[in-house]
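Okay, so here's the structure we're looking at.
The values are calculated or read from the model by the stated rules, or taken from the named source; none is laboratory data. Source: prediction; values computed, not measured. Here the Cβ positions follow ideal geometry from the backbone for every residue, glycine too, while neighbour counts run over all protein chains shown. In case anyone asks, the SASA skips ligands and DNA or RNA and just uses the protein heavy atoms, side chains included. Shrake-Rupley method; radii C 1.70, N 1.55, O 1.52, S 1.80 Å.
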Amino acid sequence: MRKIIYKMATNRTFTMLKPDSVEKGNIGAILEKITASGFRIVAMKLTQMTIADAQAFYAVHRERPFYGELVEYMTRGPIVAAILEKDNAVEDFRTLIGTTNPAEAAEGTIRKLYADSISENAVHGSDSDDNAAIEGAFHFSGREQF
Ligand code: UDP
Ligand code: MG
């Protein structure tokens, strides 16, 4: 039976460990921080986005000057895509990753520890429950979610 993704999304968020994190060998360290912070892994895979995938995933930013570079960066190698579960998942995960620009990120956050710049910033985190459901469904079918 098909799962109804929207009804399940309230305590879930979606993340990507971006190509820089995979290239630098930081998958294990970042996943350890995520699970140690109380997030349960609901779905996870190593995958690579096509240009069309990244253009669609980041369509909200298509008028921004960094859009082309963002698509190039996000497609240049594999990512780890994952759905995570925790009470207050979206907000708590944004706190755990820190601000978009790692130079301004709080001590101990994933971006402070592992990101190089505002563009190559190690991880993605959904910004709302609705986007968490949309982004999770972009990468995972219902039967890949546990
Ligand atoms: N980004 C960038 N330059 C900027 C702002 C954002 O290259 O000035 C990239 C960066 O990789 C960021 C992504 O675009 O994570 C999406 O931007 P958003 O504002 O949604 O930041 P986030 O939600 O990831 O913190
Ligand atoms: Mg965002």
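Laid out as a table, the results:
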read-out: Hits in the range 93-112 (condition: open to solvent by less than 50 Å² (accessible area, probe 1.4 Å) and within 13 Å of the chain's Cα centre (by Cα)); value: F93, L96, I97, G98, I110, R111
read-out: Those residues of the range 113-134 which are more than 11 Å from ligand 1 (Cβ to nearest atom) and open to solvent by less than 80 Å² (accessible area, probe 1.4 Å), in sequence order; value: Y114, D129, A132, A133
read-out: The range 9-58: number of residues that are among the polar types (S, T, N, Q) and open to solvent by less than 10 Å² (accessible area, probe 1.4 Å); value: 3
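Yes/no per residue for (1) modelled with pLDDT of 95 or more; (2) more than 19 Å from E144 (Cα to Cα):
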{"site": "M1", "(1), (2)": "no, no"}
{"site": "T10", "(1), (2)": "no, no"}
{"site": "D20", "(1), (2)": "yes, yes"}
{"site": "E23", "(1), (2)": "yes, yes"}
{"site": "A43", "(1), (2)": "yes, no"}
